[in-house]
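Q: Have a look at the structure that comes next, please.
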Amino acid sequence: MSRFPSSFVNCMDDSDLLAAAVAASLVVDGRATCNVVGCSRMTWNGKINEQCCRTCKSSKGACHGSECEKRAAACHLHPDQTADFLLYHATSLESALRIQAEGFRVPNGPSQQKAGALLGPGVYASATLQKAMKYCDGPQGGIVFQLSVDLGRCKTLEENDPMMTTWQQHGYDSAWAPTGAGGRGAGLEENCIKDPKRIKIIQAIPGHTVKLQQAGYKIVGGQIVKVK
């Protein structure tokens, strides 16, 4: 269910929706998360309405400081991780409707893995909402799913890591590339989850509200519904 009423959502523009999605999730599973739009890392001091680090604040979520990177890596590597992580997955409206009805599916082969693939088979997601928005595609503006994910045993992938596409075969439930697959740079971190059962959809966020409405759909209670 959406964390804010549908009547409120209907009068918001896309930038407002992004901000509201983040503001509504400043506390996830009892953890205070960064208030910089698009960042879902834990705050540096554990208090609500703070940032994860000064670098995140000054760069508007584009990059993070060294200590922040260490804390994030520690969270992903913790063998007894129990709290779910807040992540985002973007896709087309057509695919979003299927995911909403049937859940996520891992493609059977590289030819069916339209996005990602550089970390091997799995469901791709990002802790950065702004990055996820770049993957919204299709004439309807696409959809971003806000997710609650149990990462399980997570493999941190370094640049040119020998397990870049084979970590699934070594007992890991998910993988995290701090600078994106292939070390593409700061602000491009991404996760890949092996088993879709570890993923719960919190809400759907329109990539473009007007285009979604023109296609005959809207977001109600955090779900995509067809306008009658």
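Only the coordinates and a few stated rules stand behind these numbers; no lab work does. The shown structure was predicted, so the numbers you read here are calculated from the model rather than taken from an experiment. Glycine gets a Cβ as well: all are built from the backbone with ideal geometry, and neighbour counts include every protein chain shown.
Q: Report the net charge of residues surrounding residue 164, where surrounding means a beta-carbon distance below 11 angstrom and charges are Lys +1, Arg +1, Asp -1, Glu -1. Could you put the intermediate results ahead of the total?
A: Numbers: positive: 155; negative: 158, 159, 161.
Summing Lys and Arg as +1 and Asp and Glu as -1 gives -2.
Q: I've got another one for you. For residue 224, what residues show an amide H to amide H distance below 5 Å, using hydrogens built from the backbone and excluding near sequence neighbours?
A: Under 5 Å from the amide H of residue 224 lies no amide H from a residue far enough along the sequence or on another chain.
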